[in-house]
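Participant: Okay, handing you the structure first.
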Amino acid sequence: MADKKQLLQQEELEPLAQQESLQFKPGEYLVHILLQQTRALQNPNDNESTIDPLILIETMDQKKFSSQKKGTGSNSTLVWNEHFYFKKSFFNGLQIQSQHVKISVLNHKVFGRNAVVGIYELDFSTIYMTDNHVLLHKWLGLINPEKDFNKITGYLKISINIVNDQVKQTTLLMDNEIKERGKIEESKNNLFVDGELLLPPHLQTKGKQLKISLGRGTNLMKMDSMLGSIDPYLLFEIGGQEIQTDLVKDSNSPRWELNLFLPVMTPCQSEYLIMRLFDYDMGGKDEIAGCQLFRISDILNGQFLEPKWFHIYGANIDADSQQRIYLCSHPDLGTCYAGRILLSMELIDSEQPKKDKHKINDQQTLGKIRQDSTYQWSFQCMVYFALNLPRDDDSYSIKIQWGEYECKTNTEKAKDGVIEYYEYLTIDNVKFPTQEISELPDVFIYLMDGDEPICFKRYKSYNLNSTDNHPDGHHFTVTLIPDKSLKNTPMDHPGIVKIKFLIQPTGGQIKMQPITKPQKDVNSFLYVNLFQAHDLAPTDMDGLADPVVDILFYDSKQTTLLINDTTAPIWNTQLKMPVYKFENDSFPPIILKIFDEDKVSRDFMGQLTIDYQKGLKQGFITKNQSHITKPQWIDVYLYGNKAGQVLLSCNYIDNISVKIPNQISPPRIKYFIKIKLLGLRNLKSFGPLPITKAFVKFNVQSIRAKDEPFSFSNSNEIITQPKEAGSNPNITSIICLEINLPEDDAFIPKLIGSVHDYILKGIMQPLIGQFSIDLKLQKLKTLKQIEEKKDIARRFLNGTLQVDSNVIYLPSLDQGVGIKMGALLQMASGEQHNEDINNLLTQLGILKNNAIYMDQIIKYIDYDKNQEEGIFYEVDQPNIKYYLPLGYDTQIQKAQLYLQKMKLGGQKIQNKSLNQVEIQINSSQKGQQGLVKSNIHYRLCLPCALEDTLFMQQKVFDVFQLRKGSINLREVESMAEIILGVKRINRILEN
């Protein structure tokens, strides 16, 4: 009976196997992917308005990245038109049928992991069974399974062709080529052509009608500076569908009273409905004045059923045209107020949604949008002082704009970069059509050079009202933002303003109390304890810099010593600043400005601003404490982007009896650092030529304090040898370093490294990228490994740990890795033919009678000596096709190994215990610094990259992302990976 059942099962399986073999024949397969467009990509971080999209395509155990786009909004449509090709050979149909194409849209991050925007995955069968084996011009609905499995996070247009070596390939045309040949016609009446959109199987589309009841606008921005007028019309857009209102001539308070209709498909291809305000130009191109965004989810939830005023934000009328378009298209980035619009919206189920517009005839709706309700509000602010102003001896004022209302300080002349205003400003009895503070317009603060705003800051009104903790208003240390759209904007000195705000309904009982100008206190001082920095922006072409820091405190300035050739300087210095008698709330910020100082220039590298009250709360600022305050890492920013960190603390002393130490260098002890560098992966060249021979440079200066005694044995850098060519070279070298590091882990610095190309025999060594190693984390990891090894040893000695005969313990450089016999046969990741691997291991002598021979997995170098010629040569060198040499030897080390062999009576080194070998290596390396060429074994790697083997999957090595080198490019991006292991950072105990 069992035999009959088995026979039936076999008969059922045979047709399936025949069908699979008919679909996919063994051979070489080519996957051609044309990435065409993306649309409506949503930011996975809701706190940010734009993303930098990067697309990852994975198939057949290969991965490739697209180019990267910058500053893309969720309503943008991007054209990529990039081709990708993948090839791989397969030996049976089942293996091919199991393959997939996975497409991931990522938000590229400079530091840390790229955030997922959305993904889509297709199996080979779906594509291969289409006509001509091609999926042509399809839109894919992306989802982000890390957040919401049922929400569309963007759309991607793509074409995919899968063929084997016996089938003709289909030509995939880019979008611009399609339009030129007239193959398709774009339509504004449909969101997607039928069958053009592919959604994940669990999602289905549904038609809805969007109805917009538009009333009127008021206080619209005057676009014609000479006539002081605007000819406004509105353009609404969602998912490629647009509808425009009627034009109203010469009016900043237009009245439309229109019903507008647009078709919408849910899940919607756009996250927002966009409303753009334009100024009609009879003789030229219409200009955008501003915009507003409405979340589709909010419309679906019925939040806009009743008429409501919505504010529009744009850019200065004198702004650069391209910058102005960008700012006016992103309301969160707008630099000025552009008016408000009254409307309501709703989404209604509809089988045939349409695009239409007509006048509002419903009297109830007209009554609502014609109603003119206003409420009175008042605004108070105290402008204390402005610091870090662009130019000394120039005159500046501070202007506050709140909707269509404004107030302004007197114009004063700067002295030492400071202006003391101490002015009380009010805007009383203003009228807005809302009694909710959350619906009031944003507040803009401008630094004015004459009549021109040059820097600004923007706040939500609801952040400026009174609270229980701040009943008479909030104090702000306002770091102004340069308005890049204007000419002569001070990028390096945008200005900092100390200011106090209070917004409340008119009739509120709270009134700010005036504050007088402070006087200098001869007994009060601020001590800034500056220890070190890391990951600063490199400004030199070699990826380094010569950093120096200006510390500004009110009208005082101190400058540190210059540290040459590093982006991770160590100062360990204390700077003393005089203090005025400030009230707590008006205490000025502490400003650190970092520069790269050369003989002829001083390039800005970044700035950090420390608020005194926040520093007290966070604990890195103390008052009247007699010992050095414990420091914290503070972020440095360059033009709004993070550009490193600084480790510092502050002691504020206003008691003459309190004394603090003036030496702040932390105690140091000697450490031995051993770095085992595997290689580089996915390197990218900046120029037209490919990577030649890349090498790595470690900047020892980045971990050596400036007061460290000089030693001729300690060089400032360690450089590996350029060996393998191409973008994925193996370095396989050991770096040893003996250096004094801080005893307290909080002060242990980062080791900075860089990767360079080797061109024309080293005449040219262009920078490829930089990386950094957190030695504190590596120390903690080393200590954890030591404890784990001790625990295993204790358990083995007391008999609680049993040794499995089916497990072979391989010494993975410094860490034991257990690999089961079955897993060893699959060390070449991605290979499905265990029999082939089995035969290869048998051929190499590793597998004999189903037993694994350890001495064939790790081969230790054996040297003999040619007595006549007096040279050493290697005995039985393994085939480097299957064995990766982890280093190489000098003649001196060869002689040492040969002498050790003679002392052992001619025995090979591998006959000794592995622990003894490691001890010998460590003892021979102690006291050395630099590139150590004494690694004495080969590692079995099989015919694949070492990082793809089980050996690498045991996390023996760490992967460090490379960053682009020169900050002059005004961008930092991940260019490659460096794979290395910091496997030993041990404290050396002195006798």
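Participant: Of the numbered conditions (1) modelled with pLDDT under 85; (2) open to solvent by 40 Å² or more (accessible area, probe 1.4 Å); (3) of a type in the set (S, T, N, Q), ASN730 satisfies every one except a single condition; which is it?
Facilitator: For ASN730, the failing item is (2).
Participant: Follow-up question, since we're still on this one. Kindly check whether there is at least one residue in segment 697-706 that is open to solvent by 80 Å² or more (accessible area, probe 1.4 Å) and modelled with pLDDT under 85.
Facilitator: Yes, the conditions are met somewhere in segment 697-706.
Participant: Can you confirm whether VAL443 is in contact with an Asp or Glu (Cβ under 9 Å, 6 or more places away or on another chain) and touching a residue at least 12 places away in the same chain (Cβ under 8 Å)?
Facilitator: It is false that VAL443 is in contact with an Asp or Glu (Cβ under 9 Å, 6 or more places away or on another chain) and touching a residue at least 12 places away in the same chain (Cβ under 8 Å).
Participant: For segment 615-625, what are the residues that are closer than 12 Å to CYS650 by Cα, open to solvent by 50 Å² or more (accessible area, probe 1.4 Å) and not in a strand (DSSP E or B)?
Facilitator: Narrowing segment 615-625 to residues closer than 12 Å to CYS650 by Cα: 615-616, 618-625.
So of that shortlist, the ones also open to solvent by 50 Å² or more (accessible area, probe 1.4 Å) come out as 616, 618, 623-624.
If the condition is that a residue be closer than 12 Å to CYS650 by Cα, open to solvent by 50 Å² or more (accessible area, probe 1.4 Å) and not in a strand (DSSP E or B), then LEU616, GLN618, ASN624 are the ones that fit.
Participant: Would you point out which residue out of GLU420, GLU436, GLU452 is open to solvent by 30 Å² or more (accessible area, probe 1.4 Å) and touching a Lys or Arg at 6+ places or on another chain (Cβ under 8 Å)?
Facilitator: Matching residue, one of GLU420, GLU436, GLU452: GLU420.
Participant: On to the next question. Modelled with pLDDT under 90, farther than 21 Å from ASN716 by Cα and of a type in the set (Phe, Trp, Tyr): does that describe PHE587? I'd like the intermediate steps shown before the answer.
Facilitator: Working: modelled with pLDDT under 90: yes; farther than 21 Å from ASN716 by Cα: yes; of a type in the set (Phe, Trp, Tyr): yes.
Judged against the criteria, PHE587 is a match.
Participant: Need at least 3 residues that are β-branched (Val, Ile, Thr) per element, so show me which strands (runs of 3 or more DSSP E) inside segment 267-323 make the cut, counting only ones lying wholly within it.
Facilitator: none
Participant: Among the numbered criteria (1) within 30 Å of CYS407 (Cβ to Cβ); (2) modelled with pLDDT of 90 or more; (3) open to solvent by less than 60 Å² (accessible area, probe 1.4 Å), which one does LYS308 miss?
Facilitator: Result: LYS308 passes all but (3).
Participant: Now for a separate question. Looking at GLY314, GLY283, which one is small (Gly, Ala, Ser) and open to solvent by 40 Å² or more (accessible area, probe 1.4 Å)?
Facilitator: It is GLY283.
Participant: Pull out all pairs, ordered by first then second residue, where Cβ-Cβ is under 6 Å, the residues are six or more apart or on different chains, the first lies in segment 39-59 and is at positive phi and open to solvent by less than 40 Å² (accessible area, probe 1.4 Å), and the second is of a type outside the set (Gly, Ala, Ser) and modelled with pLDDT of 80 or more.
Facilitator: Going by the 6 Å Cβ cut-off, the qualifying pairs are ALA40/TYR155.
Participant: Here is a follow-up. Any chance you could count how many residues in segment 127-141 are open to solvent by less than 10 Å² (accessible area, probe 1.4 Å) and without any contact (Cβ under 8 Å) to a residue 40 or more places away in the chain?
Facilitator: The qualifying residues number 1.
Participant: What's the number of the condition PRO441 fails, among (1) under 18 Å from SER378 (Cβ atoms); (2) surrounded by 17 or more Cβ atoms within 10 Å (Cβ to Cβ); (3) over 38 Å from the mean Cα position of the chain (by Cα)?
Facilitator: (3)
Participant: So which residues in segment 381-422 are of a type outside the set (Asp, Glu) and outside any strand (DSSP E or B)?
Facilitator: Correct list: ASN388, LEU389, PRO390, ARG391, GLY403, THR409, ASN410, THR411, ALA414, GLY417.
Participant: From the list LYS761, LYS676, exactly one residue is over 25 Å from the mean Cα position of the chain (by Cα), open to solvent by 40 Å² or more (accessible area, probe 1.4 Å) and of a type outside the set (Gly, Ala, Ser). Which is it?
Facilitator: On the way: LYS676 fails: open to solvent by 40 Å² or more (accessible area, probe 1.4 Å).
None of the other options fit; the residue is LYS761.
Participant: Hey, another quick one. Within segment 63-82, can you find the residues that are more than 17 Å from ILE119 (Cβ to Cβ), open to solvent by 40 Å² or more (accessible area, probe 1.4 Å) and either in a strand (DSSP E or B) or aliphatic (A, V, I, L, M) (or both)?
Facilitator: SER67, GLN68, THR77, VAL79
Participant: Now for a different question. Out of everything in segment 471-501 that is of a type in the set (A, V, I, L, M, F, W, C) and in contact (Cβ under 8 Å) with a residue 60 or more places away in the chain, what residue ends up being nearest to ILE591 (Cα to Cα)?
Facilitator: Out of the qualifying residues, it is ILE496.
Participant: Residues that are open to solvent by 10 Å² or more (accessible area, probe 1.4 Å) and of a type outside the set (A, V, I, L, M, F, W, C), at least 2 per element: which strands (runs of 3 or more DSSP E) completely within segment 501-609 meet that?
Facilitator: Fully inside segment 501-609 and qualifying: 520-534, 556-559, 570-580.
Participant: Here's something else I'd like to know. Looking at (1) open to solvent by 10 Å² or more (accessible area, probe 1.4 Å); (2) in contact with a helix residue (DSSP H, G or I) (Cβ under 7 Å, 6 or more places away or on another chain); (3) closer than 20 Å to GLN558 by Cβ, which is the only condition PRO666 fails?
Facilitator: It fails just one condition, (3).
Participant: Taking segment 457-472 as the region of interest, how many residues are open to solvent by less than 40 Å² (accessible area, probe 1.4 Å) and within 26 Å of the chain's Cα centre (by Cα)? So that I can check it myself, show each step before the final result.
Facilitator: Within segment 457-472, the subset open to solvent by less than 40 Å² (accessible area, probe 1.4 Å) is 459, 461, 464.
Right, trim to within 26 Å of the chain's Cα centre (by Cα) and you get 459.
Final tally of qualifying residues: 1.
Participant: Cβ contacts < 7 Å: first residue within 14 Å of ILE162 (Cα to Cα), restricted to segment 84-98; second residue assigned to a helix (DSSP H, G or I) and at pLDDT 80 or above, any location; separation 6+ or different chain. Result?
Facilitator: What qualifies is ILE96/PHE124; GLN97/PHE124.
Participant: If ASP468 passes every condition in (1) at pLDDT 80 or above; (2) farther than 24 Å from ILE590 by Cβ; (3) outside any strand (DSSP E or B); (4) of a type outside the set (Val, Ile, Thr) but one, which one does it miss?
Facilitator: Every listed condition holds for ASP468 apart from (1).
Participant: What are the residue pairs meeting all of these: first residue in segment 662-689, first residue under 24 Å from LEU737 (Cα atoms), second residue modelled with pLDDT of 80 or more and surrounded by fewer than 16 Cβ atoms within 10 Å (Cβ to Cβ), Cβ atoms under 6 Å, and 6 or more apart or on different chains?
Facilitator: As it stands, the answer is PRO666/ASP744; PRO667/GLU743; ILE669/GLU743, since those pairs meet every condition given.
Participant: Quick check: is even one residue across segment 391-414 under 25 Å from LYS222 (Cα atoms) and aliphatic (A, V, I, L, M)?
Facilitator: Yes; the residues of segment 391-414 include at least one that is under 25 Å from LYS222 (Cα atoms) and aliphatic (A, V, I, L, M).
Participant: Same structure, new question: Can you pull out the residues in segment 229-250 that are part of a loop (DSSP other than H, G, I, E, B), open to solvent by 10 Å² or more (accessible area, probe 1.4 Å) and out of contact with any Asp or Glu (no Cβ under 8 Å at 6 or more places or on another chain)?
Facilitator: The answer is GLY240, ASP246.
Participant: Conditions: (1) open to solvent by 60 Å² or more (accessible area, probe 1.4 Å); (2) under 27 Å from GLY73 (Cα atoms); (3) charged (D, E, K, R). ARG370 meets all but one. Number of the miss?
Facilitator: Of the numbered conditions (1) open to solvent by 60 Å² or more (accessible area, probe 1.4 Å); (2) under 27 Å from GLY73 (Cα atoms); (3) charged (D, E, K, R), the odd one out for ARG370 is (2).
Participant: Related question: Taking the criterion of being of a type in the set (D, E, K, R), open to solvent by 50 Å² or more (accessible area, probe 1.4 Å), under 27 Å from THR266 (Cβ atoms) and part of a strand (DSSP E or B), would at least one residue in segment 338-354 satisfy it?
Facilitator: Within segment 338-354, one or more residues are of a type in the set (D, E, K, R), open to solvent by 50 Å² or more (accessible area, probe 1.4 Å), under 27 Å from THR266 (Cβ atoms) and part of a strand (DSSP E or B).
Participant: When only residues in segment 473-500 that are among the hydrophobic types (A, V, I, L, M, F, W, C) and open to solvent by less than 10 Å² (accessible area, probe 1.4 Å) count, which is farthest from the chain's Cα centre (by Cα)? It would help to see each step written out before you state the result.
Facilitator: Let us first name the residues in segment 473-500 that are among the hydrophobic types (A, V, I, L, M, F, W, C), namely 476, 478, 480-481, 486, 491, 496-497, 499.
Next, from what is left, pick out any that are open to solvent by less than 10 Å² (accessible area, probe 1.4 Å): 478, 480, 496-497, 499.
Working: VAL478: 26, LEU480: 24, ILE496: 27, VAL497: 30, ILE499: 33 Å.
Only one residue tops the list, namely ILE499.
The values are calculated or read from the model by the stated rules, or taken from the named source; none is laboratory data. It should be emphasised that the depicted structure is a prediction, and the values quoted were computed from it without experimental measurement. Positions of Cβ are generated from backbone atoms using ideal geometry, with glycine treated the same way; all protein chains shown enter the neighbour counts. Side chains included, ligands, DNA and RNA excluded: accessible areas come from the protein's heavy atoms. Shrake-Rupley method; radii C 1.70, N 1.55, O 1.52, S 1.80 Å.
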